[in-house]
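The values are calculated or read from the model by the stated rules, or taken from the named source; none is laboratory data. Keep in mind that what you see is a predicted model, and the values were worked out from it rather than measured. Every residue, glycine among them, receives a Cβ derived from its backbone with ideal geometry; neighbour counts consider all protein chains shown.
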Amino acid sequence: MVRSTRSLLQIEELKISAEGQPFVEDIETYAQDIVDTVRRAMRRILLVEDNEMNRDMLSRRLQRRGYEVIIALDGQQGVQMAQSRSPDVVLMDMSLPVMDGWEATRTLKSSPETRNIPVIALTAHAMSTDRERAMEAGCDDYDTKPIELTRLIAKIESLIARFTSDTADAGAGS
């Protein structure tokens, strides 16, 4: 964390020292990309997915974007890892062995230590009733397979920001 903070400060210094130069806009864009990557590197995503190809593809794409990805192969393992590793967000496949994603999400949302971890349902089911069912189970958002990475990252970042803000607001009020 200290190293990341130092890197952020160095990037900010780079942006400040480049002001007034003809290439400032390019440096600012480049610096902002670096800042975004560093911020994402602090984000831990729990990917609960039993399909090896889907798991490998999505985890590699998220890691290339700077996220730390931890993996669970079924719903029960996903619940255990959420409790022990405290991810910033859970990407939950809904069709899982041992404990399906619906039950795993209900379990996470009923536990005081995991209820504030946002859960995004990932499913190949694209009917509006599937979205409603995921939200009723406690999912905070929903995305369909095949995954469109830009859309998914926007949802991840939005939920992390919302839940971080909600947690900070709750702490300030107590």
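Matching residues to (1) surrounded by fewer than 17 Cβ atoms within 10 Å (Cβ to Cβ); (2) more than 30 Å from residue 34 (Cα to Cα); (3) among the hydroxyl-bearing types (Ser, Thr, Tyr); (4) touching a His at 6+ places or on another chain (Cβ under 9 Å):
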position	(1), (2), (3), (4)
60	yes, no, no, no
82	no, no, no, no
87	no, no, no, no
94	no, yes, no, yes
98	yes, yes, no, no
107	no, yes, yes, no
110	yes, yes, yes, no
114	no, yes, yes, no
117	no, no, no, no
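Go through segment 75-174 and tell me which helices (runs of 4 or more DSSP H), entirely inside it, have 2 or more residues that are within 19 Å of the chain's Cα centre (by Cα) and free of Cβ contacts under 8 Å to residues at least 24 places away in the same chain.
Once the helices (runs of 4 or more DSSP H) in segment 75-174 are filtered for at least 2 residues that are within 19 Å of the chain's Cα centre (by Cα) and free of Cβ contacts under 8 Å to residues at least 24 places away in the same chain, what remains is 75-85, 128-137, 149-173.
In the list 74, 88, 56, which residue meets the criterion of being assigned by TED's automatic domain parsing to the domain that holds residue 126 and closer than 16 Å to residue 120 by Cβ?
None of the others qualify; the one that does is 88.
Would you check which residues across segment 50-72 are in contact with a strand residue (DSSP E or B) (Cβ under 8 Å, 6 or more places away or on another chain) and not small (Gly, Ala, Ser) and list them?
Within segment 50-72, 50, 51, 54, 55, 58, 62, 63, 67, 68, 69, 70, 71 meet the criteria.
Of the residues that sit in segment 30-51 and are aliphatic (A, V, I, L, M) and surrounded by fewer than 18 Cβ atoms within 10 Å (Cβ to Cβ), which one is modelled with the lowest pLDDT?
Residue satisfying both the conditions and the ranking: 41.
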